[in-house]
1. Among the residues of region 54-80, which ones are surrounded by fewer than 15 Cβ atoms within 10 Å (Cβ to Cβ) and either of a type in the set (Val, Ile, Thr) or not in a loop (DSSP other than H, G, I, E, B) (or both)?
2. I'd like to check which strands (runs of 3 or more DSSP E) are fully inside region 159-251 and have at least 1 residues that are under 20 Å from VAL36 (Cβ atoms).
3. Could you grab me the full set of residues in region 81-96 that are of a type in the set (Asp, Glu) and either in a loop (DSSP other than H, G, I, E, B) or surrounded by fewer than 22 Cβ atoms within 10 Å (Cβ to Cβ) (or both)?
4. From (1) of a type in the set (Val, Ile, Thr); (2) assigned to a strand (DSSP E or B); (3) surrounded by fewer than 20 Cβ atoms within 10 Å (Cβ to Cβ), pick out the condition that doesn't hold for THR135.
5. State all residues of region 196-229 that are farther than 15 Å from VAL244 by Cβ and among the polar types (S, T, N, Q); if no residue qualifies, say none.
6. Mind listing just one residue for me: the one in region 199-234 that is small (Gly, Ala, Ser) and over 16 Å from LEU252 (Cα atoms) and, of those, surrounded by the most Cβ atoms within 10 Å (Cβ to Cβ)?
7. Against the conditions (1) in contact (Cβ under 8 Å) with a residue 12 or more places away in the chain; (2) in a strand (DSSP E or B); (3) not aromatic (Phe, Trp, Tyr), where does GLY129 fall short? Just the number, please.
8. Take the conditions at pLDDT below 95 and either surrounded by fewer than 22 Cβ atoms within 10 Å (Cβ to Cβ) or within 12 Å of the chain's Cα centre (by Cα) (or both) and apply them to GLY146. Does it pass?
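The values are calculated or read from the model by the stated rules, or taken from the named source; none is laboratory data. The structure displayed is predicted, hence computed values, not measured ones. Here the Cβ positions follow ideal geometry from the backbone for every residue, glycine too, while neighbour counts run over all protein chains shown.
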Amino acid sequence: MRKGLWRTLILGALGGALIWGGAAHAATPVYGYKIVHIYPHDPDAFTEGLFYLDGFLYESTGLEGRSSIRKVKLETGEVVQQRPLDAQYFGEGIVAWAGRLVELTWQSQIGFVYDLKTFAPRSSFRYRGEGWALTRDDHRLIMSDGTPDLRFLDPRTLKETGRLTVTDGGKPVPNLNELEWVKGQIYANIWQANRIARIDPKSGHVLGWIDLTDMAIVEGSKGGKPIDVLNGIAYDAAHDRLFVTGKLWPDLYEIKLTATAGR
């Protein structure tokens, strides 16, 4: 199953309906958002991984022959540093740890480690199954693979140390995609859906959903180049700023969450 590109936002909405049977579990809070700022985003970037560090966004892009890792100016969207992947690889999620940048690939079952400052390659590592996204807490890396399971990795050896099944109302949540650690919770894009899950890292329970449907519709209505699904979450912990974007989106949004009544 090819991730994205030819999928439309309409298919994404249908996929979301199939995942939740039409809506999130009744007991799970749903949050809206208000836009704080809109920043430019490279409309040719098929966003797979995203994080914020020391004033810059770090982004990984996918598709064979077009995959790269990048350092990007938030305010302008300018790519100030970039390294392409070999054409055989479909780049996926990224995370920073101890001066290194760790990257997954989709179906090649191989990941790469780079120097965070120079993007010079350091090493590679292996894993079974698909690689979709990475984030981290203070002690471990957290990986998604498109299933309802999150994997925990030792940040030094990059070996798997455990797994956690994500559920909402007792039902597994499939298609966990891009991840971000935000205030002690794991935020996860759900592939082909316009919602972000807020996940308890201990139990795996979904504590809330962030509904970004309106944002995705606006992006899809702008014309010009085709866009793809919502994907990409970054958090600036020092200034409590939350950023979201999508594959091939021309915009990156800084948002604040709002309560959504009646859902």
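1. Selection gives LYS73, THR76, VAL80.
2. Qualifying strands (runs of 3 or more DSSP E): 176-182, 185-190, 195-199, 206-211, 230-236, 241-246.
3. Of everything in region 81-96, just one residue is of a type in the set (Asp, Glu) and either in a loop (DSSP other than H, G, I, E, B) or surrounded by fewer than 22 Cβ atoms within 10 Å (Cβ to Cβ) (or both), namely ASP86.
4. Only one criterion in (1) of a type in the set (Val, Ile, Thr); (2) assigned to a strand (DSSP E or B); (3) surrounded by fewer than 20 Cβ atoms within 10 Å (Cβ to Cβ) is unmet by THR135, namely (3).
5. Hits for region 196-229 are SER203, SER221.
6. GLY208
7. Unmet for GLY129, out of (1) in contact (Cβ under 8 Å) with a residue 12 or more places away in the chain; (2) in a strand (DSSP E or B); (3) not aromatic (Phe, Trp, Tyr): (2).
8. Criteria not met by GLY146.
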